[in-house]
Amino acid sequence: MQFPTTEREEYGKKVGWDERSKAYQLAQKTLGGIAAMSTSHEYRGYVFSITYEPKEPAYTVDFPDLPDIITSGATLPEAFANACEALDLHLESLQKLNLPWPEAKRRLVVQ
């Protein structure tokens, strides 16, 4: 099964990850965009975090349940898109190798 790019793009629009998002604006405003910050997200049932630090690459992505996935981005929207694409490709590879998908052990709780 291949996950279409448009689905990732639609998901990104749904959760609001673009240049206007509150988290993106916060990252740009906090000490002139210099302070480190981290946001958590969920895609396809897997939780990941995007961390901003004032170094290259500016936004790094961490999937705690999937340590084999490594990605980043120059901007928050780019890091989010790269995270979704990396997860899609990882799951697609597991499927092609007839390997089971890892169990997602973490969940986001929205209060």
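Within region 76-103, how many residues turn out to be touching a residue at least 24 places away in the same chain (Cβ under 8 Å) and touching a Phe, Trp or Tyr at 6+ places or on another chain (Cβ under 9 Å)? Counting residues in region 76-103 that are touching a residue at least 24 places away in the same chain (Cβ under 8 Å) and touching a Phe, Trp or Tyr at 6+ places or on another chain (Cβ under 9 Å) gives 16.
The set of residues in region 59-69 that are surrounded by 15 or more Cβ atoms within 10 Å (Cβ to Cβ) and in contact with a helix residue (DSSP H, G or I) (Cβ under 8 Å, 6 or more places away or on another chain) comprises Tyr59, Thr60, Val61, Phe63, Leu66, Ile69. Residues in region 49-58 that are within 10 Å of the chain's Cα centre (by Cα) and buried (at least 22 other Cβ atoms within 10 Å of the Cβ): Ile50 only. When the test is whether a residue is at pLDDT below 95, under 16 Å from the mean Cα position of the chain (by Cα) and among the aromatic types (Phe, Trp, Tyr), Tyr46 does not pass it. Filtered by the rule that a residue be polar (S, T, N, Q), modelled with pLDDT of 95 or more and either assigned to a loop (DSSP other than H, G, I, E, B) or exposed (fewer than 14 other Cβ atoms within 10 Å of the Cβ) (or both), region 70-111 gives Ser93, Gln95, Asn98.
The values are calculated or read from the model by the stated rules, or taken from the named source; none is laboratory data. Small disclaimer: the values here were computed from a predicted structure and weren't measured. Glycine gets a Cβ as well: all are built from the backbone with ideal geometry, and neighbour counts include every protein chain shown.
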